[in-house]
Structure formats: C-alpha cells, structure tokens
1. What dipole magnitude, in Debye to the nearest 20, does the chain give about its Cα centre under +1 on Lys/Arg Cβ and -1 on Asp/Glu Cβ?
2. Once you have the Cα-Cα distance between PHE70 and LEU41, take 0.36 nm times their residue separation minus that, and quote the gain in nm to one decimal.
3. Going by accessible area, probe 1.4 Å, with all protein chains left in place, what is the ranking of ARG9, ARG56, largest first?
4. Per residue, how much accessible surface does the chain expose to a 1.4 Å probe? Answer in Å², no decimals.
5. Could you work out what % of the accessible surface of the chain is carbon and sulfur, using a 1.4 angstrom probe and leaving DNA, RNA and ligands out of the count?
6. Please list PHE35, PHE24 from largest to smallest accessible area, probe radius 1.4 Å, with all protein chains kept in place.
7. Search the structure for amide H atoms under 5 Å from the amide H of LEU41, placed 1.01 Å from N in the peptide plane, and list their residues when 5 or more places away or on another chain.
8. I need the phi-derived Karplus couplings for region 4-11: 6.51 cos²θ - 1.76 cosθ + 1.60, θ = phi - 60°, integer Hz, Gly and Pro marked x.
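The values are calculated or read from the model by the stated rules, or taken from the named source; none is laboratory data. What you are looking at is a predicted structure, and each value in this text was computed from that prediction instead of being measured. Backbone-built Cβ (ideal geometry, glycine too); neighbour counts: all protein chains shown. Areas reflect the complete protein model, heavy atoms only, side chains present, ligands, DNA and RNA absent. Shrake-Rupley method; radii C 1.70, N 1.55, O 1.52, S 1.80 Å.
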Amino acid sequence: VYLLFQALRQISQRTISTASRRQFENRVPENQKLFQEDNGLPVHLKGGAKDSLLYRTTTGLTVCGTIYAFYSLLMSSMPKKPN
C-alpha cells in the first residue's frame, strides 16, 4: 500500500511539474498591433470572422429575446377566453 501511494505521488508530481514548465508563445505584442491599427473597424470586430460571427449571434439572440419578451407581455395582458 505504501509503495502504491508513493508511486501515485511521483506520477502526480511529475505531471504537475511538466505541465508548469511548458512555455507559451507571448502574443501580446501581435495583439496590440492588431487592435491599435486604424483600419476603420470597431474594436469588437478586429479579431476577424470569429468575432463577427459571435457579434451577429449575440445580436440575433438579443433581438429574438426582446421580441419574445414583448410577445409574452402582450399575451399575459389579454384576458383568457372562457371555454
């Protein structure tokens, strides 16, 4: 039991220590150039097609939610017809 515990502890320490040693490329200067560039686009669309898709999806869901809210208010404000 002790050997199993010690082996599990070594494995967990090894995976944690190797995961923390991975180096990621610093992309901050590239992103700063991209977002500070004067190309006439608003900042929320400068990320490309993915940002545009996210913006349009959010706008569409907001419009649909607003229409549904008004519809629900209209339906709840009218009296129900007796059967």
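1. 440 debye
2. 7.2 nm
3. Correct descending sequence by accessible area is ARG56, ARG9.
4. 100 Å²
5. Carbon and sulfur atoms account for 63 percent of the accessible area of the chain.
6. PHE24, PHE35
7. It is none; the list stays empty.
8. 5, 4, 5, 5, 5, 5, 5, 5
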